[in-house]
Amino acid sequence: MQTILEINNLKTSKMKKVLSILAASAMLAIVACGPSAEEKKKAEEKRVQDSIEAAQRNADSLAALEAAMVQDTTAVAAEAAPAAETAPAAETK
């Protein structure tokens, strides 16, 4: 019959092997879960395309804002012109 010490050594030895295999499997799983080169390339292309679209939207917004400002300025000037023509006539009396 085996002694208790021999049984403990045998259990420890088997446990070390099992834990070593589990650790190696876990490391492989972690490495395998990362994105592939193709996925990284697609993600980079999407990021660049999104940046271009965002810049285009900003440019469109600025152009619309400038057009609105010009339109507002023109409307204010058009309203002020008739008032300026009638104001001196009132003062000449």
For the stretch 21-52, name all the residues that are within 15 Å of the chain's Cα centre (by Cα) and aliphatic (A, V, I, L, M). ALA43, VAL48, ILE52
The residue that is farthest from the chain's Cα centre (by Cα), considering only those in the stretch 54-84 that are polar (S, T, N, Q) and at pLDDT 90 or above, is SER61
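The values are calculated or read from the model by the stated rules, or taken from the named source; none is laboratory data. Everything numeric in this text was worked out from a predicted model, so none of it was measured.
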